[in-house]
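Enquirer: Have a look at this one.
Rule-based calculations on the coordinates, nothing more; no lab input. Please read these numbers as outputs of a predicted model, since none were measured by experiment. Reconstructed Cβ throughout: ideal geometry from the backbone, glycine too, with neighbour counts over all protein chains shown.
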Amino acid sequence: MIEIKTPAEIESMRRASRVVAEVLLQLKPLVKPGVTTAELNDFAERRVRELGAVPAFLGYRGYPATLCVSINEEIVHGIPSPKRIVREGDIVSLDMGAVIEGFYGDAAVTLAAGAVSAPAKKLMEVTRSSLDAGLAAVKAGARLGDVSRAVQEYAEKNGMAVVREFTGHGIGRRLHEEPSIPNFGRAGTGPTLKAGMTLAIEPMLCLGRADVVVKNDGWTAVSADGSLAAHFEHTVAVTEDGCDILSAP
Ligand code: MF3
Ligand code: CO
């Protein structure tokens, strides 16, 4: 069952999602050559708590940090470490969730550390825009497959490969609720969206092939061919005529 949230519940989700958006924005200037991924995580955890929220990922299924930091061929779920140093030309995906008043927000961005290659830049732009394409397909009465299809079509027309092992998800009282939201699919299929449904839409795209390998830390998902990957995510509420982006800064 896909839960419908009340306006008051959506406002709690907006508070949680705004904390995520604000902290991701504040992390942006820190993503520079020389910073460690542990430093990014520590900043994120401190800011989330200062803003009155609780980190959503810390302890989730045993995940050990507040932030996921996934660099270059790492797609998602990179674990921060004091030994992992960001280098010039890296693309750095930051993914974070927060909880306020029992409601969750979740968002992700991919940022450039210094000057990145032209293909890396294109990958980031296409991934960001594929999220926009998905969001543009969200409205009451649309089918979930319309959203999945819109992301896939934009990504593939622009030469990128869609990761299939990970999906977006419903979100609200829990980080992951129904439905699961693949970034590929067929228009006109799947559940019909209704106003008040709350969704985390999160395309993950690769420059090469999209096959995934999980490293032996049990978390870090990398592209099997070592090609670059990018990830953008917003938490949104379905409205009668579109969507309300709860994780807009
Ligand atoms: N945004 C991702 C997701 O929704 C990250 C959660 S992974 C975690 O699945 F385990 F670290 F929490
Ligand atoms: Co998510």
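Enquirer: Pop out the ³J(HN,Hα) list for the range 23-32 in order, Karplus 6.51 cos²θ - 1.76 cosθ + 1.60 with θ = phi - 60°, rounded to Hz; leave Gly and Pro as x.
Expert: Running phi through 6.51 cos²θ - 1.76 cosθ + 1.60 with θ = phi - 60° gives 5, 4, 5, 6, 6, 3, x, 7, 7, 9 Hz.
Enquirer: Which of 122/157; 28/157; 122/215; 83/122 have a Cα-Cα distance over 18 Å?
Expert: 28/157; 122/215; 83/122
Enquirer: Could you let me know the centre-to-centre spacing of the range 60-77 and the range 135-210, using Cα atoms, in angstrom?
Expert: Centre-to-centre (Cα) distance: 20 Å.
Enquirer: Subtract the Cα-Cα distance of residue 3 and residue 174 from 0.36 nm times their separation in residues, and report this length gain in nm to one decimal.
Expert: 60.5 nm
Enquirer: Additional query: Which of 21, 158, 243 sits farthest toward the positive end of the charge dipole of the range 7-245, with +1 on the Cβ of Lys and Arg and -1 on the Cβ of Asp and Glu?
Expert: 158
Enquirer: Using 0.36 nm per residue of separation minus the Cα-Cα distance, give me the extension gain between residue 225 and residue 63 in nm, one decimal.
Expert: Separation in residues times 0.36 nm, less the Cα-Cα distance, equals 55.8 nm.
Enquirer: Now, a different point. Would you mind checking which residues have amide H under 5 Å from residue 90's amide H? H placed 1.01 Å from N; only 5 or more apart, or other chain.
Expert: The answer is 113.
Enquirer: Where does the chain land on Rg/Rh, using Cα atoms and the Kirkwood Rh?
Expert: Working: Rg = 16.8 Å, Rh = 17.7 Å.
Answer for the chain: 0.95.
Enquirer: Excluding residue 189 itself, what net charge comes from residues whose Cβ is under 12 Å from its Cβ, given Lys and Arg +1 and Asp and Glu -1?
Expert: Counting the neighbours of residue 189, the net charge comes to +2.
Enquirer: Now a separate question. Take every Cα pair under 8 Å in the chain that's 6+ residues apart, average their separations, divide by the length, and report that relative contact order as a whole percent.
Expert: Computed value for the chain: 24 percent relative contact order.
Enquirer: Something else: Output ³J(HN,Hα) for the range 40-54: one whole-Hz value per residue in order, computed from phi by the Karplus curve 6.51 cos²θ - 1.76 cosθ + 1.60 with θ = phi - 60°, and x for Gly and Pro.
Expert: For the range 40-54, the Karplus-derived couplings read 5, 5, 5, 4, 4, 4, 4, 5, 4, 5, 4, 8, x, 10, 10 Hz, x marking Gly and Pro.
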